[in-house]
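For reference, the structure discussed in these notes is given below.
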Amino acid sequence: MEMDLQGKHILLGVTGSIAAYKSVLILRHLVQAGAQVTVVMTSSAQQFIAPLTFQILSHRPVFTSLFDPSDEIRHLTLAEQVDLILIAPATANIIGKIANGIADDLLTTLAVASSSPIVIAPAMDGDMWTHPVLQRNLSVLDGLGVHVVSPEEGPLASGKEGMGRLALESRIVAAVLSRLRKREDLKGETVLVTAGPTREPIDPVRHITNRSSGKMGYALARAAQGRGARVILISGPTHLPAPPKVERISVQSAEEMREAVLRCWSEVTVLMMAAAVADYRPRRRSDQKLKKDHEPLFLELEPTPDILSEVRSRRGHRILIGFAAETEDVLSRARSKLEQKGLDLIVANDVTQEGAGFDLDTNIVTIIDANGEAMALPKLSKAEVAERILDRIKELKSRLGTGSRPIH
Ligand code: CTP
């Protein structure tokens, strides 16, 4: 790891946990690896350890206050300058504040003002770690692309045993390195992600849809943007906010999604079809609300266009990724879709498994490549699954050596 962080500017945030003394070791690791480190401490962190320790080891001033008459826009200048923000240890308090956009001191203000990647290493008592509020806040952060280095199990300061010990310094520094390495590795790519369900209208007030929440597609869009790609997100109806710097196009039906994909096609180098596109739509859409008449009602359905199959013939050098949410024979069904649709990769999941599928923040997927080789991933956050899928795309790109420009 020697000097792997040469030229990088890292902001190390230290918060008020008994593990604050371990930040000193983290700082030393980062400095030894060549990073320039600016330490920002919360006021409770200073109850545990003095700023002077960090100042001496970082060879830089330590910042503790938002309000300093000599530099009243410090939070903005620092936020723009750093390559990454690492908060270690991160208390339940700071996690709650950042997850809810509360910016009431220098560190929280920096965290919500910066567009740099954020890595946090929580440390707290076991009961706080398992508390539903903390877990909810962590999943909000995860959804925003914050990398969480999970704590470890063992003796806690309270005298109890449990989850909550700050992760080992080596794990924290490794997370910083991997986040920084990935930062620009999709630069030059234009990634098109489709996400969410489609709605196929029956009449002005009713439609056919499915249970997709869009979370996997949004996680992919956010992760690809974080790795330097230009990202276009074509989204069916969801309640999710557009990830920062992603170009979102909102659509309703499969046909609208198809048209939007074709409109962008000439600029795209990678397509990830994470949307759960309806396979059928009502053959006729009533202009007026259908009335009940106590008789059975038959809806005639017709197939929608298959978007992946349609773009296959104009793929050029583009990489095509499909998704298969299945309830049985998961791998064999996914393999046949991969073949039928001419995909480079298919991401399969069994939506009946606990921790996988609709509207969850986690997923359990198997990534299958064009040789039929399957890589089964454990249960991971959707943000982490997205990173793994992008790692595979990166690998494919370097193996195929096609460069990133599409052929028209
Ligand atoms: N897909 C698509 N256009 C459609 C339907 C699906 O491009 N009209 C894409 C999905 O976005 C997904 C992949 O095809 O990436 C597989 O979708 P899925 O619904 O699982 O497969 P189908 O081919 O529709 O087969 P089935 O529904 O019978 O499982």
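The values are calculated or read from the model by the stated rules, or taken from the named source; none is laboratory data. Everything numeric here is computed off the predicted structure, so don't read it as measured data. Reconstructed Cβ throughout: ideal geometry from the backbone, glycine too, with neighbour counts over all protein chains shown. To get the accessible areas, we keep the full protein, side chains included, count just its heavy atoms, and leave off ligands, DNA and RNA. Shrake-Rupley method; radii C 1.70, N 1.55, O 1.52, S 1.80 Å.
Things worth noting here:
- Only residues that are surrounded by fewer than 19 Cβ atoms within 10 Å (Cβ to Cβ), of a type outside the set (D, E) and in a strand (DSSP E or B) were counted across the range 143-161, and they come to 2.
A quick yes/no check of all residues on (1) in the same structural domain as P89 (by TED's automatic domain parsing); (2) hydroxyl-bearing (S, T, Y); (3) open to solvent by less than 10 Å² (accessible area, probe 1.4 Å); (4) out of contact with any helix residue (DSSP H, G or I) (no Cβ under 6 Å at 6 or more places or on another chain):
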position: G16; (1), (2), (3), (4): yes, no, no, no
position: L27; (1), (2), (3), (4): yes, no, yes, no
position: L30; (1), (2), (3), (4): yes, no, yes, yes
position: T38; (1), (2), (3), (4): yes, yes, yes, yes
position: Q46; (1), (2), (3), (4): yes, no, no, yes
position: I56; (1), (2), (3), (4): yes, no, no, yes
position: R60; (1), (2), (3), (4): yes, no, no, yes
position: L66; (1), (2), (3), (4): yes, no, no, no
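- Annotation: C264 fulfils all but one of (1) open to solvent by 100 Å² or more (accessible area, probe 1.4 Å); (2) within 16 Å of the ligand (Cβ to nearest atom); (3) closer than 30 Å to L396 by Cα; the unmet one is (1).
- The condition (being surrounded by 19 or more Cβ atoms within 10 Å (Cβ to Cβ), among the hydrophobic types (A, V, I, L, M, F, W, C) and assigned to a strand (DSSP E or B)) is satisfied by just one residue among V176, V231: V231.
- Listed by first and then second residue, the pairs linking a residue in the range 325-354 that is more than 17 Å from K382 (Cα to Cα) and small (G, A, S) to a residue that is outside any helix (DSSP H, G or I) and within 12 Å of the ligand (Cβ to nearest atom), with Cβ atoms under 6 Å apart and 6 or more places separating them unless they lie on different chains, are A334/A324; A334/I346; A334/A348.
- Any hit, the range 365-380, residues being assigned to a helix (DSSP H, G or I) and at pLDDT 85 or above: no
- Conditions (1) open to solvent by 40 Å² or more (accessible area, probe 1.4 Å); (2) more than 12 Å from the ligand (Cβ to nearest atom); (3) at pLDDT 95 or above: number failed by L360: (3)
- When every residue of the range 329-336 is checked against the conditions, at least one turns out to be outside any strand (DSSP E or B) and among the β-branched types (V, I, T).
- So A334, is it near the ligand (Cβ under 9 Å from one of its atoms), modelled with pLDDT under 95, out of contact with any helix residue (DSSP H, G or I) (no Cβ under 8 Å at 6 or more places or on another chain) and not acidic (D, E): no
- Checking F298 against (1) open to solvent by 30 Å² or more (accessible area, probe 1.4 Å); (2) of a type in the set (A, V, I, L, M, F, W, C); (3) under 17 Å from A195 (Cα atoms), the condition it does not meet: (3)
- Only a single item in (1) on the phi < 0 side of the Ramachandran plot; (2) within 15 Å of the ligand (Cβ to nearest atom) is not met by G342, and it is number (1).
- Flag if D287 is within 14 Å of the ligand (Cβ to nearest atom), at pLDDT 95 or above and open to solvent by 80 Å² or more (accessible area, probe 1.4 Å): no
- Exactly one residue out of E255, E259, E267, E247 is among the acidic types (D, E) and more than 18 Å from V311 (Cα to Cα): that is E247.
- Screening the range 290-304 for residues that are among the hydrophobic types (A, V, I, L, M, F, W, C) and away from the ligand (no atom under 16 Å from the Cβ) and picking the one that is farthest from M257 (Cα to Cα) gives L297.
- When residues in the range 179-222 are screened for being open to solvent by 60 Å² or more (accessible area, probe 1.4 Å) and assigned to a loop (DSSP other than H, G, I, E, B), 8 of them pass.
- Scope the range 119-135; condition open to solvent by 20 Å² or more (accessible area, probe 1.4 Å) and under 19 Å from the mean Cα position of the chain (by Cα); matching residues: Q135
- Among the residues of this structure, A242 counts as one that is without any contact (Cβ under 8 Å) to a residue 40 or more places away in the chain, more than 15 Å from the ligand (Cβ to nearest atom) and open to solvent by less than 70 Å² (accessible area, probe 1.4 Å).
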